[in-house]
Each structure stands twice: as C-alpha cells, then as structure tokens.
Amino acid sequence: MAESVPCTFLITGCNRGIGLELVKQLLAKPNPPEKVFATCRSPGTSQSQELTNLAAQHPNLSVIKLETTDPASVAEAMKEVEKQLKGCGLNVLINNAGICKNNTLESVDEKDLLNAFTTNVVGPMLVTKAFLPLLKKAAQENPQGKMSWTRAAVINMSTMGASIEKTSETFLCWPFVSYRCSKTALNMLTRCQALGYMKDGILCTAIYPGWVQTDMGGPEAPLTVDQSVSGMLQVLCNLSEKHNGIFVDWEGKTIPW
Ligand code: NDP
C-alpha cells in the first residue's frame, strides 16, 4: 500500500540540491501531493530552469519567489500561496534553504556569523511565523488527528555539526564555526516551535540529511541527493507525536542535541 502523503507542501531553496530533489521525489510518488509550492529566490531564470521544466509537466507544482531572509518577500509569497490554496491549509513546511561557509576559530569573523544566522535561523523563523496561519488551518481541518506530517508539520533542515554533544567527535576535522553555531540555534528554534505549536497540533522536527553530494556538500560526500531525500521522505512519513521537538537523521536515528 502506498504511504500517505500530505496534500500540500511548501519547501524553501528548491532551485538546486536537496530542495530540488525533494520536489522531484514528491511529484514522482504514485500518490503525489495535490500541491507543492517550490520556492526559490529567482524563478524564471537560468538558476531555476529545472523547476520551470518540472512545473510545465506537473500542474500540481507552483514555483514561488521567496528570499527567506526578507520579510517583504516572505509576506508576498504567503499572499500568493494563500490565494492558490483557496481556503485550504498548508500541511508541511520544509525550511530547507541554508548557507554554509568553511571557517575556523581563527578565520571566522562577525560577517560570517551574522550571515549564517540570518539565513539559517532568521529565515526559518520568518517563514514559519508567516505561514503559521495556514499550518494551523491544516491542523484544524483534522481536529481529532494525531500529530503527523499529513496533519501539519514544520521540518527544519539541520546538521550533525549542530549537535553540541557530538562536537568533540566532529569539530577538529570539520570546524565550520559560523555554520555550526547557526544550526545549533536553529535546533533551539525547532524545540521552541515544537513546544509552542504543540497546542495547535503542528509537529516540529529538525532533520539531518546526511553528508550529501550537492553544491554545499561537495563531490566527496558519501550520499547521493537521491539516497538522502528518499531516506528523509521515509522518515518524515513515519513521524508522530514522539518526534515533536527532536532531532533525527535521514535514516530516522535520533541525534542528541
Ligand atoms: P545547496 O547549497 O546545494 O542549496 C542551497 C539552497 O538554499 C539553494 O537553493 C539556495 O538558493 C537556497 N538559499 C540559500 N539562501 C537562501 C535565501 N536566503 N533565501 C532563499 N533560498 C536560499 O545546499 P543543500 O541542498 O546541500 O542543503 C540544503 C539544506 O540541507 C541546507 O539547509 C543545509 O544546511 C542542509 N544540509 C546539507 C548537507 C549536505 O551535505 N549537503 C549536510 C547537512 C545539512 P540559490 O541558488 O538562490 O543560492
């Protein structure tokens, strides 16, 4: 039997990498979502050609402009999504857009740290706040439902490098100071969102995609984007109340904060 797939998704950073593959795999399911809002900074340009091609083949795909760090862009995107949903809610928000810079304790500067926090923490905070009314609406459409991604969920894309408990295993070979600090803050945001939105029936979980062959992960990464995303989709469709406010990896293993 095909697993249940939520009706509506919004994913940030979909023109390449993990975001693009999430869109592709959702659309390819035997029971695809009714609507996937694939957002990116520059729709209709060469940077988003693959999304444009996909949208031409899939009427259930909408490509929406969204710069996650700009409140005006977030508000515009929300207005457009709300219009297209015609009174329905949004089941799943995936805060995927992110940036990563390789720096050490010696080379990191204030700009690195602020840039990382702006994209990796402020962005997911702004986007989640803006789309909250639509997520609540989706949860209310199924008031007796248990927490799950088919009801309403916020998924924040994090990294193993954000785990404070695991730092001694990962820091010396992989410093990435600004990225780690920002994703640790994202983890805290996830935990706060999980507790704050529990009463609304919205599940909030942080997920680590593994080390993946994308522009960010580089060619040395052990996982293909296909492996990572198919693993994550399997994990996401099995999330329940016990996963609210926790941190899991692409295979479903819990990562300590
Ligand atoms: P890529 O660098 O390949 O893609 C990043 C995506 O984020 C691009 O679509 C980019 O858009 C978008 N983006 C960046 N900043 C913004 C912004 N301000 N507003 C809107 N979109 C933005 O990264 P991955 O696909 O590898 O990573 C996706 C997520 O997974 C990230 O959050 C990352 O931290 C996380 N992750 C990835 C790992 C890996 O090994 N690849 C490991 C652990 C976590 P544009 O093309 O316009 O720049």
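Side notes on the structure shown:
- Every listed requirement among (1) part of a helix (DSSP H, G or I); (2) within 16 Å of the ligand (Cβ to nearest atom) is met by LYS83 save one, (2).
- Subset of the stretch 1-29 that is assigned to a loop (DSSP other than H, G, I, E, B), within 16 Å of THR150 (Cα to Cα) and modelled with pLDDT of 95 or more - its residue that is farthest from the ligand (Cβ to nearest atom): CYS7
- Residues in the stretch 21-49 that are of a type in the set (A, V, I, L, M) and either without any contact (Cβ under 8 Å) to a residue 60 or more places away in the chain or in contact with a Ser or Thr (Cβ under 7 Å, 6 or more places away or on another chain) (or both) were compared, and the one that is surrounded by the fewest Cβ atoms within 10 Å (Cβ to Cβ) is ALA28.
- Among the residues of the stretch 182-220, those identified as more than 20 Å from VAL122 (Cα to Cα), in contact with a Phe, Trp or Tyr (Cβ under 9 Å, 6 or more places away or on another chain), near the ligand (Cβ under 7 Å from one of its atoms) and of a type outside the set (Gly, Ala, Ser) are PRO209, VAL212.
- Residue within the stretch 186-204 that is in a loop (DSSP other than H, G, I, E, B) and of a type in the set (D, E, K, R) present: no
- The residues of the stretch 58-74 that are touching a helix residue (DSSP H, G or I) at 6+ places or on another chain (Cβ under 9 Å), of a type outside the set (S, T, N, Q) and not in a loop (DSSP other than H, G, I, E, B), listed by number, are LEU61, VAL63, ILE64, LYS65, PRO71, VAL74.
- The stretch 208-257: number of residues that are in contact with a Gly (Cβ under 8 Å, 6 or more places away or on another chain), assigned to a helix (DSSP H, G or I) and of a type in the set (Ser, Thr, Tyr): 1
- The one condition from (1) crowded, with 19+ Cβ neighbours inside 10 Å; (2) under 17 Å from the mean Cα position of the chain (by Cα) that GLY201 does not meet is (2).
- Residue count for the stretch 221-233 satisfying the condition of being near the ligand (Cβ under 10 Å from one of its atoms) and more than 16 Å from the chain's Cα centre (by Cα): 3.
- Test for THR170: is it touching a helix residue (DSSP H, G or I) at 6+ places or on another chain (Cβ under 7 Å) and at pLDDT below 95: yes
- Residue satisfying condition, being under 21 Å from PRO33 (Cα atoms), at pLDDT 95 or above, away from the ligand (no atom under 14 Å from the Cβ) and outside any loop (DSSP other than H, G, I, E, B), within set LEU93, LEU135: LEU135
- Single residue of the stretch 104-132 satisfying the filter (more than 16 Å from the ligand (Cβ to nearest atom) and of a type in the set (A, V, I, L, M)) that is farthest from ASP70 (Cα to Cα): LEU105
- Looking across the stretch 156-181, the residues that are more than 11 Å from the ligand (Cβ to nearest atom), in contact (Cβ under 8 Å) with a residue 60 or more places away in the chain and not charged (D, E, K, R) come down to SER163, ILE164, PRO175, VAL177, SER178, CYS181.
- Members of the stretch 41-56 found to be within 13 Å of the ligand (Cβ to nearest atom) and in contact with a strand residue (DSSP E or B) (Cβ under 6 Å, 6 or more places away or on another chain), listed by number: PRO43, SER48, LEU51
The values are calculated or read from the model by the stated rules, or taken from the named source; none is laboratory data. These numbers were taken from a predicted model, which means no experiment stands behind them. With ideal geometry, Cβ positions are generated from the backbone for all residues, glycine too; neighbour counts draw on all protein chains shown.
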